[in-house]
Amino acid sequence: MGFVRKFHHVAYRCKDSKETVEWYKKYLDMDFVLAIAEDRVPSTKDPDPYMHLFLDAGGGNILAFFELPTMPPMGRDPNTPAWTQHIAFEVDSMERLHEVKARMEADGIDVIGPTDHTIFQSIYFHDPSGHRLELACNTGTPEMSRRLDAVKWEMLEEWTRTRKAPKHAAWMHEKELS
């Protein structure tokens, strides 16, 4: 095990601080734990007022947001597909996954899934700032984990050589093909 213990916090930008705090509490039951507001960036000393929010993402992990009112509107990397960058949170049961999906859809939030990834199932949706989020429920078995662990380095080496998807774990998708 390395020397990193956990995420201290992961920070993203938000459009509206209050809306963000209320949304994450309502849909993901995250408590609001800290707010820091400054007129100057501590690390660079740049004059730039901001609100920095900290939310309890469970397990001692903190999800943070910055609202930056003097900056141009938020954007995203146009060269990265929209499905790629997302935050995935683990939930305790499929019942919880379905409960959250139903609550969001009842409020008009578009939800994709559940998507069956063999070792977990997940739903996808966006927060009010447009960040893609995922809720995942583990459904894999110890045998599945063992099989995946046994081939991870071979897969990485093959990918590094060929930049083509290795087939070492194709068994995960066999049911999709039949």
I need a count of the residues in segment 87-110 that are in a helix (DSSP H, G or I) and touching a residue at least 60 places away in the same chain (Cβ under 8 Å).
3
Examine segment 67-86 for a residue that is in contact with a helix residue (DSSP H, G or I) (Cβ under 9 Å, 6 or more places away or on another chain), assigned to a strand (DSSP E or B) and closer than 30 Å to Gly140 by Cα, and state whether such a residue exists.
no
Residue check for Thr44: hydroxyl-bearing (Ser, Thr, Tyr) and under 21 Å from Val91 (Cβ atoms):
no
Can you tell me which residue in segment 130-144 is farthest from the chain's Cα centre (by Cα), limited to those that are within 27 Å of Phe65 (Cα to Cα) and assigned to a loop (DSSP other than H, G, I, E, B)?
Gly130
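Specify the residue that is surrounded by the most Cβ atoms within 10 Å (Cβ to Cβ); the eligible residues are those in segment 4-33 that are in a strand (DSSP E or B), touching a residue at least 60 places away in the same chain (Cβ under 8 Å) and in contact with a Leu (Cβ under 7 Å, 6 or more places away or on another chain).
By that ranking, first place goes to Arg13.
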Looking only at residues that are of a type in the set (A, V, I, L, M) and more than 17 Å from His173 (Cβ to Cβ) in segment 110-135, which one is surrounded by the most Cβ atoms within 10 Å (Cβ to Cβ)?
Leu135
Could you identify the single residue in His98, His8, His52 that is under 30 Å from His173 (Cβ atoms) and either modelled with pLDDT of 90 or more or in contact with a Phe, Trp or Tyr (Cβ under 7 Å, 6 or more places away or on another chain) (or both)?
His98
Residues Met94, Met74: which one is within 17 Å of Gly113 (Cα to Cα) and touching a Ser or Thr at 6+ places or on another chain (Cβ under 9 Å)?
Met94
Hey, any hits in segment 87-103 for a residue that's surrounded by 14 or more Cβ atoms within 10 Å (Cβ to Cβ) and either touching a helix residue (DSSP H, G or I) at 6+ places or on another chain (Cβ under 6 Å) or in the same structural domain as Pro49 (by TED's automatic domain parsing) (or both)?
yes
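The values are calculated or read from the model by the stated rules, or taken from the named source; none is laboratory data. Just so it is clear, the structure is predicted and the values come from calculations on it, not from any experiment. Heads up, the Cβs are rebuilt from the backbone with ideal geometry, glycines too, and the neighbour counts pull from every protein chain shown.
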